[in-house]
Amino acid sequence: MQLKTDPTATTGPIGIFDSGFGGLTVMHQICELMPRYDYVYLGDNARAPYGTRSFELVHEFTLQAVRHLFSLGCPLVILACNTASAKALRTIQQRFLPQTDAWRRVLGVVRPTAEYVGEISKSRHVGVMATPGTVRSRTYELEIAKLFPDISVTGEACPMWVPLVENGEAASEGADYFVRQHIESLLHRDPLIDTVILGCTHYPLLLPKIRRYMPDHVTVLPQGEYVAHSLSDYLRRHPEMDCRLSTGATRRFLTTEQPDFFNESATMFLGEHVSAERILLEA
């Protein structure tokens, strides 16, 4: 796949990548805050979920997606997937981009969320509820430690939460058990937690139940809003990137699954009709 490397190339859309549907919650917040830009969303639904896959495989799949979005002219790609951000972002930024596309940028969702924790937590005890892969990576723990060394971080893996959302069971009575179970487990391990990061972009669809079982004194942080504001600030600080982004207010959706399958579930995440195109990702 031939990639453009000319910094004077014509403008292009912002690429947003996720292993499945969860990144649509981030895209929704970004589009709400910055509607004038063009966007291309790519979901690798055929190979989802990424949360239980190895670092090597997540990196391989994520790099394929990034290269595809670059081939479509995206100067900037957001990894709206916590697992991809945790297992692939740093290597892509440090090894792939300098050698092949030094003028393009790939950003993740972990640091933007971590940056807000220091302003919110009073007890300096923070919980992270995420997929097993994200929790095992300790990415949030390490990122928060860089920014706020005085904050203690406790991770809680919630392996059933993504399947509940993707199977349309987020509002079901059965979901209550799994939501309550993991909240109680997290707070039992550290009763001083006053801030909880939802470290998976699927989890906002469980917010009504999460807030039902989370104590009132605990602040819950879904990612979309914080990622959107962080991106807006990034473009303000980097006008050389902002001027490379096209502003036709269009949105395009790509999936590695059957479009009908994607469209039905994506409508649940976005609250509006979506018409996707199927693509194949190549090494």
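The values are calculated or read from the model by the stated rules, or taken from the named source; none is laboratory data. Keep in mind the model is a prediction, meaning the values are calculated, not measured. Neighbour counts are summed over all protein chains in view; Cβ atoms, including those assigned to glycine, are modelled from backbone coordinates with ideal geometry. For accessibility, only protein heavy atoms count, side chains too; no ligands or nucleic acids. Shrake-Rupley method; radii C 1.70, N 1.55, O 1.52, S 1.80 Å.
Numbers at a glance
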| read-out | value |
| --- | --- |
| Rounded accessible area per residue of the chain, 1.4 Å, Å² | 44 |
| Carbon/sulfur fraction of accessible area - the chain, other protein chains in place, 1.4 Å, % | 51 |
| Pairs of Cα atoms farther than 27 Å apart, the chain, % | 36 |
| Per-selection Rg to Rh, region 143-214 - Cα, Kirkwood hydrodynamic radius | 1.00 |
| Per-residue SASA entry for residue 273, accessible area with 1.4 Å probe, Å² rounded to 10 | 150 |
| On Cα atoms only, tilt of 23-33 relative to the major axis of the chain in degrees | 70 |
| Rounded to whole Å, sorted largest first: equivalent-ellipsoid semi-axes of region 67-181, Cα gyration tensor | 29, 21, 11 |
| Trypsin sites (Lys or Arg not before Pro) within region 128-171, DSSP loop, no more than 16 other Cβ atoms inside 10 Å | 138 |
| Expected 222 nm ellipticity per residue - DSSP helices of 4 or more, -39500 (n - 2.57), all of the chain, to 500 | -13000 deg cm²/dmol |
| Hydrodynamic radius (Kirkwood) for region 29-72, which is based on Cα pairs only, to one decimal in Å | 12.3 |
| Approximate spin-label separation residue 232-residue 212, in nm, with each point projected 7 Å along Cα-to-Cβ | 3.2 |
| Overall Cα dimensions of region 140-283 - principal axes, largest extent first, Å | 48, 40, 32 |
| The chain: angle of helix 55-71 to the longest principal axis, Cα-based, in degrees nearest 10 | 40 |
